[in-house]
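The values are calculated or read from the model by the stated rules, or taken from the named source; none is laboratory data. Computed from a predicted model, the values in this text were never measured in an experiment. Cβ placement follows ideal geometry from the backbone for every residue including glycine, while neighbour counts extend to all protein chains displayed.
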Amino acid sequence: MEPQLLHRVADSVATVVVHHPAKRNAMTAEMWRALPRVLDGLAADAGVRALVLTGEGATFCAGADISTLRESAEEAQGLAVRAEEALAAFPKPTLAAVRGHCVGGGAQLAAACDLRFAEETALFGVTPAKLGVVYPASATRRLVALTGPATAKYLLFSGELIDAARALRTGLVDEVLPEGELGKRVAEFTRVLTSRSLLTQSAAKEFANGRTDRDAHWTAQARGSGDTAEGVAAFLERRQPRFGWSGPTSG
């Protein structure tokens, strides 16, 4: 099978798989180009309420497949940044499920997700210093926001790999699971996500990402959604809520 991004939707969860096992799921130029298109389609699907990004087999993503990047360094980096920004802007909750190596561009993609769950044997690295590449400002800011400046500098200055336990301590990872338990935990947690109000999640994601000028927009969305009334009714009736908001009506 050619290197590609595979995607499927089941139980309101979209799963995007980085599929290039011959190169430890390194991203080719075409895969970088394809990711924003894939995400646009999934964002528009009202049946999708959460997204999981993972790699084929035992590796998340070993970075960029340098052999396919025939553009200049600036153009190649631009492809990665556009893919990263499209992932960060995805309007529904996103979760990176990490096994094995999550390095370079792979770490860039994982950091652009809202959450990161990893197997205990996963390894993380941000490696531009090994190639003499200037790491993008957007990716650097995102890494600093997750780990703090000291850990971000350690990763960027050295290009060294860190294990999942250290990634958890520094905030790069949210949960670490025993080997073989990641898939079960991701399925369990995404069931929780899809049972909650997408209205609440989408507004919280925008605010947490710095869009603090959108209070009026989200107040209007809440007013017309019915989610608040349903949440209160479900609480009083001691039942699970059935939230119906699936995306903005405008703006």
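Look at region 12-38: where a residue is farther than 29 Å from Val192 by Cα and a partner is acidic (Asp, Glu), sitting 6+ places away or on another chain with Cβ atoms under 6 Å, you get Pro21/Glu56; Lys23/Asp65; Ala26/Asp65; Thr28/Asp65. For the condition among the aliphatic types (A, V, I, L, M) and free of Cβ contacts under 8 Å to residues at least 24 places away in the same chain, Val144 qualifies. Checked against (1) under 27 Å from Leu143 (Cα atoms); (2) of a type outside the set (Asp, Glu); (3) touching a Phe, Trp or Tyr at 6+ places or on another chain (Cβ under 9 Å); (4) not assigned by TED's automatic domain parsing to the domain that holds Asp11, Arg211 meets all criteria but (3). Thr151: of a type in the set (Val, Ile, Thr), under 22 Å from Asp163 (Cα atoms) and either in contact with a Gly (Cβ under 7 Å, 6 or more places away or on another chain) or touching a residue at least 40 places away in the same chain (Cβ under 8 Å) (or both), yes or no? No: the conditions fail for Thr151. Keeping to region 130-175, report how many residues are among the basic types (Lys, Arg) and within 15 Å of Ala112 (Cα to Cα). Number satisfying all stated conditions: 2. Apart from one condition, Thr212 fits all of (1) of a type in the set (Ser, Thr, Tyr); (2) in contact (Cβ under 8 Å) with a residue 24 or more places away in the chain; (3) out of contact with any Lys or Arg (no Cβ under 9 Å at 6 or more places or on another chain); the exception is (2).
Residue-level check: of (1) polar (S, T, N, Q); (2) surrounded by 15 or more Cβ atoms within 10 Å (Cβ to Cβ); (3) within 30 Å of Gln221 (Cβ to Cβ), Ser138 misses just (2).
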